[in-house]
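Since the structure comes first, as structure tokens, the remarks are kept for the end.
Taken together, the values in this text are just the output of simple stated rules run on the coordinates, not laboratory data. What you are looking at is a predicted structure, and each value in this text was computed from that prediction instead of being measured. With ideal geometry, Cβ positions are generated from the backbone for all residues, glycine too; neighbour counts draw on all protein chains shown.
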Amino acid sequence: MGLLDKLFGGGKKVSKETSETRGQHMPDLNIPVDEKFTIHFKKNGGKFLYCDSFSEISQALKNILSENGWKDHPFFVMDGRLEEKFGKEKIHFTKKASESEVFFTTCEHLIAQNGSILVCSNQLMEKKLNELPSNVIVFATTSQLVESIGEGLKKIKKKYGHSIPANITTLKHFQANEENSDDFLTYGSSSKNLYLLLLEDL
């Protein structure tokens, strides 16, 4: 054992550092994509509900409606598949954002790197984020988890070929704070109160 080892205790040090305690600009630890997404998503202020089955998704949605007093509020929806899938859940839908306090949507991918949600014209049509209701419920599956925005964009390109959708952006800030108030990547959008209903499909 060398002199420095004697002075400082020697032996291997076990780091107590985790993704949650590392600085914002430090490289991520080598942790699973789903865990990394969860950490960053919650840090962004999102509310996360993981479900094993569609019946659990249904129950989680009922809880959200009850918790927020949204039972009699129509959901603004632009994805017809959601109306079909959730048609039996006693939810009222509207095609006009001005008639709703809640935007119900799918997404393209969930980005582990920063806990954001990648969306495009398939979900938003031509609307900007600041034109949407301030409350958002996203329905997604675990197979949509990817490591980075770059990986998400590659998958979009592969999936849609030459007809790549427009209006690609990310939902990232789910609570207003000093850190994100001037983030140019949000294109002037306001922070969203966001719930993620995540269905296990792997």
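Points worth noting:
- Here, P(r) means the percent of Cα pairs in each 5 Å bin from 0 to the largest distance; for segment 74-116 it is 5, 22, 25, 18, 13, 11, 5, 0.
- Cross-link pairs exceeding 22 Å between alpha carbons, from the set Lys71/Lys96; Lys42/Lys95; Lys71/Lys127; Lys42/Lys192; Lys36/Lys154; Lys36/Lys158: Lys42/Lys95; Lys71/Lys127; Lys36/Lys158.
- Calculated FRET efficiency for the pair Lys71/Ser148, C-beta based, R₀ 45 Å, to 0.05: 0.75
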